[in-house]
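What follows is a single structure, written as structure tokens, with notes after it.
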Amino acid sequence: MMHCSQPRNTGEQATGGRLPIRFKGEAHMKSILHSVLAVLILVGVSKAADLPDAPSAVANAEGFFVEPIAPAPAPKIAETKVVDAKFLSLAFISTASTFADSYTTLFATQNWLAGKKGVCNAEVQSPYLYGTHPTAGRVYAVASAKSAGSLLAAYYLRKHHSKLWSLPLISNSVLSLQGTTQNLIACN
């Protein structure tokens with residue numbers, strides 16, 4: 001075997017004694033660092049000027065006093081009368097239908113007292129309210145309580161601006177007219 005003493009190529013001969021660039025991005029990085037260094041030197045050397053005068057230094061002091069604007073009054077809710085013609089008409093219809101139901105309920109008691117057979121002679125729809133053979137006093141006491149309850153509920157709802165204020169009066173009217181119709185058909 002022959003041993004040759006040839007020099008190894010380490011890159012020193014090709015670069016003139018300097019170390020070669022080891023990775024591709026190193027040249028790019030050196031360029032960026034030189035640019036940043038140049039910007040920093042130029043910023044430090046540049047002449048620093050004073051800040052411009054603020055507009056407040058030029059204007060007079062009266063321009064800074066702002067008078068508060070008076071708040072606008074809140075719009076008032078239109079006050080409606082609680083008891084008006086619409087309320088009174090619904091109250092009248094509700095009360096009249098309730099007393100009509102009570103009056104026709106007495107037909108069952110009259111038929112029972114007369115001993116009629118084949119017609120209604122006892123209260124069957126709401127005996128818990130009137131009793132099976134109601135008296136006139138009890139019938140009209142129930143009618144008064146139903147009317148007063150629906151009137152008070154409607155008044156309260158209307159006073160507190162509820163849109164459903166007429167519901168108690170209308171429901172009382174519907175139920176009472178249904179009872180009146182049933183009594184007229186079955187007990188007359």
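Tabulated results
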item	result
Some residue of segment 122-139 being open to solvent by less than 50 Å² (accessible area, probe 1.4 Å) and within 15 Å of residue 184 (Cβ to Cβ)	yes
Meets criteria (crowded, with 19+ Cβ neighbours inside 10 Å and in contact (Cβ under 8 Å) with a residue 24 or more places away in the chain) for residue 169	yes
Selection within segment 78-103 - assigned to a helix (DSSP H, G or I), among the acidic types (Asp, Glu) and without any contact (Cβ under 8 Å) to a residue 60 or more places away in the chain	none
Residues of segment 153-188 satisfying the condition of being in a helix (DSSP H, G or I), hydroxyl-bearing (Ser, Thr, Tyr) and farther than 30 Å from residue 111 by Cα	155, 156
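The values are calculated or read from the model by the stated rules, or taken from the named source; none is laboratory data. These numbers come from a predicted model, not from an experiment. Glycine gets a Cβ as well: all are built from the backbone with ideal geometry, and neighbour counts include every protein chain shown. Keep in mind that these areas ignore ligands, DNA and RNA; they rest on the heavy atoms of the full protein, side chains included. Shrake-Rupley method; radii C 1.70, N 1.55, O 1.52, S 1.80 Å.
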